[in-house]
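The values are calculated or read from the model by the stated rules, or taken from the named source; none is laboratory data. The shown structure was predicted, so the numbers you read here are calculated from the model rather than taken from an experiment. Using ideal geometry, Cβ is built from the backbone for each residue, glycine included, and neighbour counts are taken over all protein chains shown. Heavy atoms of the whole protein, side chains included, go into the accessibility calculation; ligands, DNA and RNA do not. Shrake-Rupley method; radii C 1.70, N 1.55, O 1.52, S 1.80 Å.
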Amino acid sequence: MENRTILSPDGYGFNFDNSYLQLPPVFHKRQQPTEVKNPGLALFNDSLAISLGLNIDALKKHGAQLLSGNVLDQGANPIAQAYAGHQFGHFNILGDGRAILLGEHITPNMQRFDIQLKGAGRTPYSRSGDGRAALGPMLREYIMSEAMYALGIPTTRSLAVVTTGEAVYRDDAYAGAVLTRVASSHVRVGTFQFAAANQNPQPLQALADYSISRHFPDIADADNQYLELLKRMIALQAALVAKWMHVGFIHGVMNTDNMSICGETIDYGPCAFINTYHPETVFSSIDANGRYAFGNQPKIAHWNLTRLAESLLPLIDESEEKSIALANECLAEYPNNFLELWLSGMRKKLGIFNQEDDDITLAEDLLMHMQKNKADFTNTFRSLGEEAVHHSALYQDAGFKNWLTLWKARLARQNEPYDESIRLMHTANPKVIPRNHLVEEALHAAVNDGDMKALHDLLLAVSNPYAELNHQSKYTQAPDPVFDQQYKTYCGT
Ligand code: AMP
Ligand code: MG
């Protein structure tokens, strides 16, 4: 294979290692990115680059060549990763069809991050796909992942979006782009399913050992480290999905290949935030049955974790019967585990510091009133405790007025003063989320008019989601509900 390594005189600051290559060869195929015609840097994440210890000046100067995959930095050893996954409940063998892992960057403080180019060309796993991505969806992933990061939710991040100067063909021709995705790793539940589908048990054990040493080194000495691995992954997924539920995030395509084992939100395809609260909200154009609706997410995570547990059975115990019993014991804890995490976040959202048995009813009743009155999820939480007079249907509803009285009485039954509750709530109730209509407005200007101003303004707003903003700011206004009724999101574009 040709060597396309070109170095910036000062280097780019990448410090690549390629530990994934030590896994058995079934897990990856070496694959160079496919060169693109005319790369141009559309977006670059300065603060992420700084935190990774990268050379910003060099990347801004030559980054388009490097981050399109046209040239490779020293130490990069590009591969496509193999995995499988249940897509809408159906098992398929998959793999990176359009993503290429350059390597693992080791930061100056010794953290390890995958650096992956999404949209970098065909791979042996591409099937009928073109290996490419369109600019709009890559800018969208950048906005959504950075918004999630700023909200304090574990997520992959976006270092850059590079335009390719080439068209990609979907329902029409679109500008092509490559996103640089940064992740703690790209090992998925589906990677374990891929390993378990192999007749030979050795790759499965190698993957489990790799995952433990990379993500959970403290369990390496546990009596049953593979059972501990399952427990950790259950805990991380429960925590992640609870956080999604706290901010109204709908992942949209919770296939098992889109669940990272280190508990980061991954694969921003048809995701969206809810505005008007309703647990059955779905935006994804292909989710006709609402499998991945907002309110189903906790249950789906449990289903996905059950698929993970099945994959791990051969490692947990020599006796299949005993493995199943042990795995089931762990899985049985998930619903309570999730509920506790959800409730503890809801207490923060309601300014509650201590615990009472009825807190769950208080939280659920608020959601019920919001649903009944078609209230805006984000703004309702932020409005609680505000002095302003609210004219919305919710605030005219007798049931909700009664709820407010119960809530205030609840706050009075704790030592912390009311002001402290409000301060706590302001750390848990974002003022700004990437509202669907604003995301689309920014993408439209960027893609159709080449005007990045709205996108940069939106990125700035979502990067500081808990800050006090002027009430008139467009970033805090709930949209006309008609927009969301017609809004559709898409996968794999
Ligand atoms: P996703 O819906 O993004 O999770 O993708 C599901 C599978 O389809 C993954 O294996 C992707 O790598 C693959 N895929 C998505 N888009 C493309 C494309 N344009 N070319 C090749 N493979 C793709
Ligand atoms: Mg995926």
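Annotations
- Summed side-chain charge close to residue 293 - residues other than residue 293 whose Cβ falls under 14 Å, Lys, Arg +1, Asp, Glu -1: -1
- Qualifying aspartates and glutamates (Cα of each under 18 Å from Cα of residue 60; at least 8 residues distant if same chain): 10, 46, 73
- Gyration tensor verdict on the stretch 190-347 (Cα atoms; rounded if a/c is under 1.5, prolate if a/b is larger than b/c, oblate otherwise): prolate
- Calculated mean residue ellipticity, 222 nm, the chain: -13500 deg cm²/dmol, from DSSP H runs (n ≥ 4) at -39500 (n - 2.57) each, averaged per residue and rounded to 500.
- Per-peptide average of other Cβ atoms within 10 Å, ordering 88-98, 304-314 highest first: 304-314, 88-98
- Taking a ≥ b ≥ c as the square roots of the Cα gyration tensor eigenvalues, the chain comes out oblate, since a/c reaches at least 1.5 and a/b does not exceed b/c.
- Per-peptide average of other Cβ atoms within 10 Å, ordering 25-38, 258-271, 413-426 highest first: 258-271, 25-38, 413-426
- nm² value of the averaged projected area, convex hull over the Cα atoms of the stretch 169-256: 9.0 nm²
- Taking each of 299/431; 372/474; 348/431 in turn, the alpha-carbon distance tops 20 angstrom for 299/431; 372/474.
- Computed over the stretch 16-186, the convex hull of the alpha-carbon atoms projects to a mean area of 10.3 nm².
- Accessible-area order (highest first, 1.4 angstrom probe) of the listed residues 194, 381: 194, 381
- In order through the stretch 432-439: 3J(HN,Hα) via Karplus (6.51 cos²θ - 1.76 cosθ + 1.60), integer Hz, x for Gly, Pro: 10, 10, x, 5, 3, 5, 6, 4
- Derived scalar couplings between HN and Hα for the stretch 380-387 equal 5, 4, 5, 6, 4, x, 7, 6 Hz in order, rounded to whole Hz, by the Karplus curve 6.51 cos²θ - 1.76 cosθ + 1.60 (θ = phi - 60°), x for Gly and Pro.
- Surface listing: 466, 20, 395 arranged by accessible area from highest to lowest gives 466, 395, 20, probe 1.4 Å.
- In this structure residue 62 has an accessible area near 70 Å², from a 1.4 Å probe over the protein heavy atoms.
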